[in-house]
There are 4 protein chains.
Amino acid sequence: MSFNSFGLLFRVTTFGESHGPAIGGVIDGCPPGIRFKLEDVQGALDRRRPGQSRFTTQRREPDEVRILSGTLEEADGVLVSTGTPIAFLIENVDQRSKDYAAISESYRPGHADYAYDVKYGLRDHRGGGRSSARETAVRVAAGAIAAKVLPGVTITGALVQMGEIAIDRNNWDDAEIGRNPFFCPDAKAAERMADYLDGIRKSGSSVGAVIEVVAEGVPPGLGAPIYGKLDADLASALMSINAVKGVEIGEGFASAALTGENNADEMRMGNDGRPVFLANHAGGILGGISTGQPVVTRFAVKPTSSILTPRRTVTRHGEDAEIVTKGRHDPCVGIRAVPVGEAMVACVLADHFLRHRGQVGTPPAWPFPR
Amino acid sequence: MSFNSFGLLFRVTTFGESHGPAIGGVIDGCPPGIRFKLEDVQGALDRRRPGQSRFTTQRREPDEVRILSGTLEEADGVLVSTGTPIAFLIENVDQRSKDYAAISESYRPGHADYAYDVKYGLRDHRGGGRSSARETAVRVAAGAIAAKVLPGVTITGALVQMGEIAIDRNNWDDAEIGRNPFFCPDAKAAERMADYLDGIRKSGSSVGAVIEVVAEGVPPGLGAPIYGKLDADLASALMSINAVKGVEIGEGFASAALTGENNADEMRMGNDGRPVFLANHAGGILGGISTGQPVVTRFAVKPTSSILTPRRTVTRHGEDAEIVTKGRHDPCVGIRAVPVGEAMVACVLADHFLRHRGQVGTPPAWPFPR
Amino acid sequence: MSFNSFGLLFRVTTFGESHGPAIGGVIDGCPPGIRFKLEDVQGALDRRRPGQSRFTTQRREPDEVRILSGTLEEADGVLVSTGTPIAFLIENVDQRSKDYAAISESYRPGHADYAYDVKYGLRDHRGGGRSSARETAVRVAAGAIAAKVLPGVTITGALVQMGEIAIDRNNWDDAEIGRNPFFCPDAKAAERMADYLDGIRKSGSSVGAVIEVVAEGVPPGLGAPIYGKLDADLASALMSINAVKGVEIGEGFASAALTGENNADEMRMGNDGRPVFLANHAGGILGGISTGQPVVTRFAVKPTSSILTPRRTVTRHGEDAEIVTKGRHDPCVGIRAVPVGEAMVACVLADHFLRHRGQVGTPPAWPFPR
Amino acid sequence: MSFNSFGLLFRVTTFGESHGPAIGGVIDGCPPGIRFKLEDVQGALDRRRPGQSRFTTQRREPDEVRILSGTLEEADGVLVSTGTPIAFLIENVDQRSKDYAAISESYRPGHADYAYDVKYGLRDHRGGGRSSARETAVRVAAGAIAAKVLPGVTITGALVQMGEIAIDRNNWDDAEIGRNPFFCPDAKAAERMADYLDGIRKSGSSVGAVIEVVAEGVPPGLGAPIYGKLDADLASALMSINAVKGVEIGEGFASAALTGENNADEMRMGNDGRPVFLANHAGGILGGISTGQPVVTRFAVKPTSSILTPRRTVTRHGEDAEIVTKGRHDPCVGIRAVPVGEAMVACVLADHFLRHRGQVGTPPAWPFPR
């Protein structure tokens, strides 16, 4: 990983600032012959798009994506990748830079403002510039294409905690995820979240969240020792999302309290000649390599620092100050982080799918026993 | 990150299997003129070395390191780096491969055995081969040199949870860390851990742990948007350590339950003209860039899968089986993960120190206000 | 180097096909605080632009560049880089795809057509798709910004051979380079080239060329052993330009016939306390590291394969065929390769400037004797 | 490429100084299941080994290679790669560092001495340290393993020019290459070279050379646009060899004088349903992608700077001086560069073989017409 690119063989580079002319990305290394429609990408973007409910920022960005290279058009709007870089662009439309006059001088506590200034000596303060979560739209577009590279893999993200409200896993219903504005799989919890977040929003406050992303159908053999581990790359990819402060695989931090007996995912031979795991504490990854079980990741998103309550801060001139952030912001950025997390998991899996194929010579699959 | 290397400018490549002739590493990109003694590296290795108390594996490896290149010797055993690759070697000595006959056929549940076999079609089963925690000795050696690249930075790891026993942060005493065999900063907790782990050990079981690594004196400005974020690289580096299942920065998963008001690290101007943060929920990193506050990371280590209780498994020939692991193993691998975590943090910080210097042209430092 | 990116710290990614909607690039890792005007980039593009004389393709592309990110605007149209990715876009305007109907089925001998098809199983045949020299416009734009990163360095390209006509080095006049349509430093040779190329052009043929690019003011210390050698990266960068078949540094192939005595660049101390070299057979690079002398590179460009004389070929269906290429093409692509070569040298030097600064901690310079 | 590693998927890292304890390398990314014997690697090293005739340096290095990791031993000394890093070590034995006292203070004109000092502020002057051609032994060992990754590919290097003596291509006989001490395919030229080089050697002088390396059986489809071109990577790999000043593919610089008609490699369908090329001006590469024809590369090696004739130079203290190099050196380093060139070509092809397989999903091959 270097600066603004990630992935080794399925390599995504992103660019663009929140209030610049456009944001966009380049996918380098996509296999040839991958077929998709523009709607696949647009549809993914629409899931992340702001302004769809009262619970996300009211900035109105159509997030219309335009593909600039790397595909040929077949009949019926089907695009087929040629193996060359797929570049795409999303023009910025609704930029109210005047909202940001106050924060051009003072730093928002908990925001990247100060860090950029102290590192680079200058920064694009409008809407957070490069540090804005707007960049994640590009990840989502890339993830939509990455998903097409992965045969038979289904990736589902869900919000499992918002502030102090956690879901009850007994209520988990995949179908519920698309029915509420929180990507929450527990209908009852979603109701409570709506009330809770209304309160947060009205008070000009913000709150954190935990998102879980599960990839099913992941073939065994993805990932590689020692620094190319699938979980290490997933951790990096998820931690790179704005506001993320923690990442877990499988049992995650809970595994610290387990004994070896309780943590072991025992195995039996299944009827189809493949092993069956009797549990999935490992989250589908052992030794950095996928086992064929569902890959289970979780990440924590902190509350956004853009709040209406005055906070003590300093100015870029070195003076004490107070700051209130008046722009349009998400009371819980964790909500829109759900499709972003899915996209990052898709990109990492696509990259490792190609890496495995390169080193081992066959697609990852189950010739077991060999 | 690719396979067995990590870092972009301070780049560490490791090699070697648990029961092969040797393990070792190559540091590429180390600045010239870095001075250190062989004892600095050996001393770091000794902290991680097995067999130092009854609580770690009884394998007796002297872990004697030999430097093969990249340095010139000055007076008094001082080595000075020349800017060329620093290679080092640790010969394996105490290999009892016969202990591993059983596991050559059956997979240990929760171990990388199965994953390697299904990926590569073969594996070095002796002691786990490449997947053995023995590889982490090389990380520790690299970390000792990385630490010399970082002026004024102090990196301290501590075990903050073992199984169900967590420390009381009110009892935290840095000096205590070196006094007990657990790197535990809480003397009272350490006593309880001793009893607890004796029980685990005698029953042939194992248990997980949580380790916290804090880097103090980190200059502001390390790390870069978007996929070169300091926290993303720390997450990858720590997740790449054997048995790690979760990584946190600052508040980590606890931040999900916080509001923006409570999570904000407010700022005031200090007497020396630098800003002072009134809290450190962020763990010293905002927008992927260090702020000058202590960098706080935490990671969870699962219990080792090598236990004496029989577990259900399958053989490489596709038959159901039971397995008991009789080799010499750590009842809590989290203990020896403490110096490994420190080393990984040191390597990541050294890499970003050089990366910042390359892009921005000055060492990261505090010319603030500019 | 990987696929469509080059450089490690000053990293350029390009995208786009000859007849797609647009071509463009992303510069990642540019230092903050670099100042330039849009005209600097546009001016460089204009030097490479087709259709400026009867000696280049008559395709009319305005090559108007638009910067999408990574800069802030100061007064008077000065752009200042922020340290985040600088993306830029050039829309394609004059695409006459109908010209290319013939070559959609048959392969042009000596062209990348066949290679793309056999590799990827499909190709964008319009104007050569990704293999078109149109991509080099993006390199030129990147090179214009790279040049701003290099204080005190002047990079000059010149066409020193066209077909069978070589310049007389005694006639070399830098000022002449801008006066003729060939970037030729020898006025007399340029006259002969005009007649010669008119003949080539009228007969529908094409011809090769040799270009020399010299960088003056390059500080000593750029480049690094062993696979990060400055000359190795220059060789790769220049060989990556369309139609290039050979690269030389300094004496190049002529050095094979020299003795050690004749090839040695002897040294004396100069009046300013720096060493003076009495010759420059080495082309300014020793052991892969710049010495402070001018960096001298040369590359050979083959004649384009798009000619009017029928050639024997095969179709994508595996049948024998004949082919004539009727599109608008350059009779000597080597001419427009001059600014492209300059751009690639600038990008490589900028990258190594940052890499040196990262590893060694100071800008490359002459503290000699130390 | 970064510093001391090359290759993306078949990644070779080397370390070691001429007079340090050892040199060695790590191959990361080698596919699992590659079978070879230690003799394969040792045999390749023996071809490059010094002291085998009066025409190479009289330093006596056994160059005995030891493999440290990444393989399992099967019956009869067959090693099989496991997919983990293959590390290998060559201990240095015959180091007469006293020979180098003179050059510790003064710089050899045309040598990397000065460049290392001015870059790093210090250098290992014994035998050239890291800049010594001794490092190339590691490349040869890596190349021997790379060759095993490439099914059906034969790589042959030959010395085609020594000083002013060029071969007559009409006399080319592959079998002759192994019969004379120069790897020269022309028996008559080899005789003249022997006399010529005796004269050079006795006068304490040195001379340059041109080496040609041809890879036959290379499947079509290796290499990728735009900066991952096969020829760009070959150029970088060959230019990174000590003393190389020029690289050519196919016609190389001669292509500049050709017309499009003469340079076109016309095609016909062959009896096996594959296209046949009627010439190979392109050297087997079009658009950066292999066509299935033999890949033809050529590189020029300058004369070594270590000669007995006094040359004017400066000292590291900034004084004028004269220098004579008395160590044991090769009168024509180009001879031993032949196996080194073969090795670099093998490594680049192996890397691109894996890269193609990763992106496209099948080994590069000839399903043509599709």
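Using the structure shown, decide if C:GLY284 is out of contact with any helix residue (DSSP H, G or I) (no Cβ under 7 Å at 6 or more places or on another chain), of a type in the set (Gly, Ala, Ser), more than 7 Å from every other protein chain (Cβ to nearest Cβ) and under 26 Å from D:PHE6 (Cβ atoms). The answer is yes for C:GLY284. Here D:GLY246 clears all of (1) more than 7 Å from chain C (Cβ to nearest Cβ); (2) closer than 20 Å to C:ALA282 by Cβ; (3) crowded, with 24+ Cβ neighbours inside 10 Å except the condition numbered (1).
The set of residues from segment A:235-251 being of a type outside the set (Asp, Glu), in a strand (DSSP E or B) and either out of contact with any Leu (no Cβ under 8 Å at 6 or more places or on another chain) or modelled with pLDDT under 95 (or both) comprises A:LYS245, A:GLY246. The criterion of being over 25 Å from A:TYR114 (Cα atoms) and assigned to a loop (DSSP other than H, G, I, E, B) does not hold for A:PHE353. In segment C:1-21, the residue that is surrounded by the most Cβ atoms within 10 Å (Cβ to Cβ) out of those that are small (Gly, Ala, Ser) and either under 19 Å from A:GLY83 (Cβ atoms) or in contact with a Phe, Trp or Tyr (Cβ under 8 Å, 6 or more places away or on another chain) (or both) is C:GLY16. Would you call C:ASP76 at pLDDT below 95, more than 8 Å from every other protein chain (Cβ to nearest Cβ) and either within 30 Å of C:SER203 (Cβ to Cβ) or buried (at least 24 other Cβ atoms within 10 Å of the Cβ) (or both)? Judged against the criteria, C:ASP76 is not a match. Among the residues here, A:TYR227 qualifies as more than 22 Å from B:THR259 (Cβ to Cβ) and aromatic (Phe, Trp, Tyr).
In segment B:23-30 there is at least one residue matching the filter, namely being of a type outside the set (D, E, K, R), part of a loop (DSSP other than H, G, I, E, B), within 13 Å of chain D (Cβ to nearest Cβ) and under 20 Å from B:LEU349 (Cα atoms). Of all the criteria given as (1) over 13 Å from the mean Cα position of the chain (by Cα); (2) in a helix (DSSP H, G or I); (3) surrounded by 23 or more Cβ atoms within 10 Å (Cβ to Cβ); (4) more than 7 Å from chain A (Cβ to nearest Cβ), the one not satisfied by B:ALA254 is (3).
One residue alone among D:ASP265, D:ASP272 is out of contact with any Leu (no Cβ under 6 Å at 6 or more places or on another chain), modelled with pLDDT under 95 and acidic (Asp, Glu), and that residue is D:ASP272. Taking segment B:337-370 as the range and being of a type in the set (Lys, Arg) and at pLDDT 95 or above as the test, the residues that pass are B:ARG355, B:ARG357. Taking segment C:214-234 as the range and being more than 7 Å from chain D (Cβ to nearest Cβ) and in a strand (DSSP E or B) as the test, the residues that pass are C:VAL214, C:ALA215, C:GLU216. Scan segment C:107-138 for residues that are facing another protein chain (nearest Cβ under 8 Å), assigned to a helix (DSSP H, G or I) and under 14 Å from C:GLY20 (Cα atoms) and report the count. Residues that pass the stated criteria total 4. Considering the conditions (1) farther than 25 Å from C:PRO367 by Cα; (2) out of contact with any Ser or Thr (no Cβ under 6 Å at 6 or more places or on another chain); (3) within 7 Å of chain D (Cβ to nearest Cβ); (4) of a type in the set (Ser, Thr, Tyr), C:THR291 is excluded by exactly one of them, (1).
Checking every residue in segment A:49-63 against the condition of being crowded, with 21+ Cβ neighbours inside 10 Å, in contact with a Lys or Arg (Cβ under 8 Å, 6 or more places away or on another chain) and either of a type in the set (A, V, I, L, M) or free of Cβ contacts under 8 Å to residues at least 12 places away in the same chain (or both) gives zero matches.
Being more than 8 Å from chain A (Cβ to nearest Cβ), within 29 Å of B:PRO50 (Cβ to Cβ) and either buried (at least 24 other Cβ atoms within 10 Å of the Cβ) or in contact with an Asp or Glu (Cβ under 6 Å, 6 or more places away or on another chain) (or both) holds for only one residue in B:LEU349, B:LEU354, and it is B:LEU349. Do the conditions hold for A:ARG66, that is, is it surrounded by fewer than 19 Cβ atoms within 10 Å (Cβ to Cβ) and facing chain C (nearest Cβ under 10 Å)? Spelling it out, A:ARG66 is indeed surrounded by fewer than 19 Cβ atoms within 10 Å (Cβ to Cβ) and facing chain C (nearest Cβ under 10 Å).
Only residues that are surrounded by fewer than 23 Cβ atoms within 10 Å (Cβ to Cβ) and farther than 25 Å from D:HIS317 by Cβ: list them for segment C:257-280, please. Of everything in segment C:257-280, those that are surrounded by fewer than 23 Cβ atoms within 10 Å (Cβ to Cβ) and farther than 25 Å from D:HIS317 by Cβ turn out to be C:ALA257, C:LEU258, C:THR259, C:GLU261, C:ASN262.
For segment B:257-275, filtering for residues that are of a type outside the set (A, V, I, L, M) and at the interface with chain A (Cβ under 7 Å from one of its Cβ atoms) leaves 9. Within segment A:257-297, the residues that satisfy the criterion of being part of a helix (DSSP H, G or I) and of a type in the set (S, T, N, Q) are A:ASN262, A:ASN263.
Beta carbons closer than 8 Å, at least 6 apart along the sequence or on distinct chains, pair a first residue in segment A:110-124 that is closer than 14 Å to B:ILE226 by Cβ with a second that is buried (at least 24 other Cβ atoms within 10 Å of the Cβ) and among the basic types (Lys, Arg) for A:TYR116/A:ARG123; A:TYR116/A:ARG130; A:ASP124/A:ARG130.
Let's see how each residue does on (1) within 30 Å of B:ASP320 (Cβ to Cβ); (2) more than 20 Å from the chain's Cα centre (by Cα); (3) in a strand (DSSP E or B); (4) not aliphatic (A, V, I, L, M):
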{"site": "B:VAL12", "(1), (2), (3), (4)": "no, no, yes, no"}
{"site": "B:GLU61", "(1), (2), (3), (4)": "no, no, no, yes"}
{"site": "B:LEU72", "(1), (2), (3), (4)": "no, yes, yes, no"}
{"site": "B:ALA87", "(1), (2), (3), (4)": "no, no, yes, no"}
{"site": "B:ILE103", "(1), (2), (3), (4)": "yes, yes, no, no"}
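In the set (1) at the interface with another protein chain (Cβ under 10 Å from one of its Cβ atoms); (2) in contact with a Pro (Cβ under 8 Å, 6 or more places away or on another chain); (3) part of a helix (DSSP H, G or I), D:GLU176 fails one condition alone, (1). Filtered by the rule that a residue be within 16 Å of the chain's Cα centre (by Cα) and either within 14 Å of chain D (Cβ to nearest Cβ) or within 24 Å of B:LEU278 (Cβ to Cβ) (or both), segment A:314-346 gives a lone residue, A:VAL333.
One line per residue, one yes/no per condition, for (1) modelled with pLDDT of 95 or more; (2) buried (at least 19 other Cβ atoms within 10 Å of the Cβ); (3) touching an Asp or Glu at 6+ places or on another chain (Cβ under 9 Å):
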{"site": "C:ALA133", "(1), (2), (3)": "no, yes, yes"}
{"site": "C:ALA137", "(1), (2), (3)": "yes, yes, yes"}
{"site": "C:VAL140", "(1), (2), (3)": "yes, yes, yes"}
{"site": "C:ALA144", "(1), (2), (3)": "yes, yes, yes"}
{"site": "C:ASP174", "(1), (2), (3)": "yes, no, no"}
{"site": "C:ASN180", "(1), (2), (3)": "yes, yes, yes"}
{"site": "C:PRO185", "(1), (2), (3)": "yes, yes, yes"}
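Select from segment D:298-313 the residues that are part of a loop (DSSP other than H, G, I, E, B) and within 7 Å of chain C (Cβ to nearest Cβ) and write down the one among them that is surrounded by the fewest Cβ atoms within 10 Å (Cβ to Cβ). Looking at residues that are part of a loop (DSSP other than H, G, I, E, B) and within 7 Å of chain C (Cβ to nearest Cβ), I get D:THR309.
The values are calculated or read from the model by the stated rules, or taken from the named source; none is laboratory data. Because the structure is a prediction, the values reported are computed rather than measured. Here the Cβ is made from the backbone with ideal geometry for all residues, glycine too, and neighbour counts use every protein chain on show.
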